[in-house]
Ligand code: FES
Ligand SMILES: [Fe+2]
């Protein structure tokens, strides 16, 4: 299953977290080293020196190259070995002496890595929110959950648990009964929207593991949630973005961003401060879900057609990942 996920792009850290030394991280079960290459560009490599298998993340960055801590081999950002200290000057470096590199990008304030060839379309929903005169975009934090990224995504998509898990924070203003709503598939994932009489919640799923929850105030008197601080005006948008990056099969690092078009003079912490509490309320429940991996056979859990229709489509799309290309819609 994890192999099928390698072609996609995943955020692994906020740009500011990239320090002067190498950072060790795990993505889809693979140990990687991330470091700042020439012109500050992020470089991602398998955390393995081709010489004798030492972890490059234990090494140092010197003049835009990474140096292995064991015998001092140096690798450029392209992966080519540029120096083997044990060889006499002028001796050729074997062509096979290379580190395995992966495509990276800096976008939306984060470093992204792809473990494929990088040709999969880059998630682009947030590119409509980059005009700083209108939008304030804030990286909130990351959260580590002991479950699969699929379970995290299903939780982020699911609004029918709000009135049980998040009372006083983000409950549906008109109560727990779910009214009809439409789920629409597109080439990147799918969308759906739900109006609770106070907020219109528009969900945009960028398959496989990104969920945007765009809350637009439609009726300021209709209720309050922590993310609009109770003083919302019609048209205020607070966009919560969840990026569930699979560390391993049952381990997920969730990066969260908040984008808003209102109250730009107020402290960002007013809009991000409640996140840890709400994420914690979800985490204790989601980590109990068994199996940790989403069952691929829809009949294995009891879905209720209306509130769960986004999850039914999501599971169908995950199942399609295992099909040969000819069967893809
Ligand atoms: S193991 Fe890296 S230089 Fe020897
Ligand atoms: Fe939740």
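The values are calculated or read from the model by the stated rules, or taken from the named source; none is laboratory data. Because the structure is predicted, anything quoted here is derived from the model rather than measured. Cβ placement follows ideal geometry from the backbone for every residue including glycine, while neighbour counts extend to all protein chains displayed.
Please verify whether residue 40 is touching a residue at least 24 places away in the same chain (Cβ under 8 Å) and more than 13 Å from ligand 1 (Cβ to nearest atom), treating the condition exactly as stated. For residue 40, the condition - touching a residue at least 24 places away in the same chain (Cβ under 8 Å) and more than 13 Å from ligand 1 (Cβ to nearest atom) - is not met. If you filter the stretch 174-197 down to residues that are touching a strand residue (DSSP E or B) at 6+ places or on another chain (Cβ under 7 Å) and surrounded by fewer than 16 Cβ atoms within 10 Å (Cβ to Cβ), you find that the one that is nearest to residue 148 (Cα to Cα) is 188. Note on the stretch 71-95: among residues that are within 14 Å of ligand 1 (Cβ to nearest atom) and surrounded by fewer than 13 Cβ atoms within 10 Å (Cβ to Cβ), the one that is nearest to residue 7 (Cα to Cα) is 94. Could you tell me whether residue 271 is buried (at least 16 other Cβ atoms within 10 Å of the Cβ), modelled with pLDDT under 90 and either more than 19 Å from residue 165 (Cβ to Cβ) or within 16 Å of ligand 2 (Cβ to nearest atom) (or both)? Answer is yes for this residue.
Which of (1) at pLDDT below 95; (2) assigned to a strand (DSSP E or B); (3) in contact with a helix residue (DSSP H, G or I) (Cβ under 9 Å, 6 or more places away or on another chain) is the odd one out, the single condition residue 213 does not satisfy? Tallying (1) at pLDDT below 95; (2) assigned to a strand (DSSP E or B); (3) in contact with a helix residue (DSSP H, G or I) (Cβ under 9 Å, 6 or more places away or on another chain), residue 213 fails exactly one: (1). Among the residues in the stretch 134-141, are any within 16 Å of ligand 2 (Cβ to nearest atom) and either within 19 Å of the chain's Cα centre (by Cα) or at pLDDT 95 or above (or both)? Yes: one or more hits. Criterion applied to 108, 143, 139 was being touching a helix residue (DSSP H, G or I) at 6+ places or on another chain (Cβ under 7 Å) and within 21 Å of residue 41 (Cα to Cα), and the one residue passing it is 108. Selection within the stretch 133-161: residues that are surrounded by fewer than 22 Cβ atoms within 10 Å (Cβ to Cβ) and more than 17 Å from residue 241 (Cα to Cα). The member of this set that is farthest from ligand 1 (Cβ to nearest atom) is 160.
From (1) at pLDDT 95 or above; (2) outside any helix (DSSP H, G or I); (3) touching a strand residue (DSSP E or B) at 6+ places or on another chain (Cβ under 7 Å); (4) surrounded by 14 or more Cβ atoms within 10 Å (Cβ to Cβ), pick out the condition that doesn't hold for residue 200. Result: residue 200 fails condition (1) only.
Looking only at residues that are within 21 Å of residue 166 (Cα to Cα) and surrounded by fewer than 16 Cβ atoms within 10 Å (Cβ to Cβ) in the stretch 282-307, which one is farthest from ligand 1 (Cβ to nearest atom)? Once the filter is applied, the top-ranked residue is 306. Per this entry, residue 34 is not counted among residues that are closer than 26 Å to residue 249 by Cβ, in contact (Cβ under 8 Å) with a residue 40 or more places away in the chain, outside the structural domain of residue 141 (by TED's automatic domain parsing) and within 12 Å of ligand 1 (Cβ to nearest atom). Of the strands (runs of 3 or more DSSP E) lying entirely inside the stretch 1-49, those containing at least 2 residues that are buried (at least 21 other Cβ atoms within 10 Å of the Cβ) and over 17 Å from the mean Cα position of the chain (by Cα) span 30-36, 42-46. Of all residues in the stretch 50-70, those that are surrounded by 15 or more Cβ atoms within 10 Å (Cβ to Cβ) and more than 16 Å from ligand 1 (Cβ to nearest atom) total 1.
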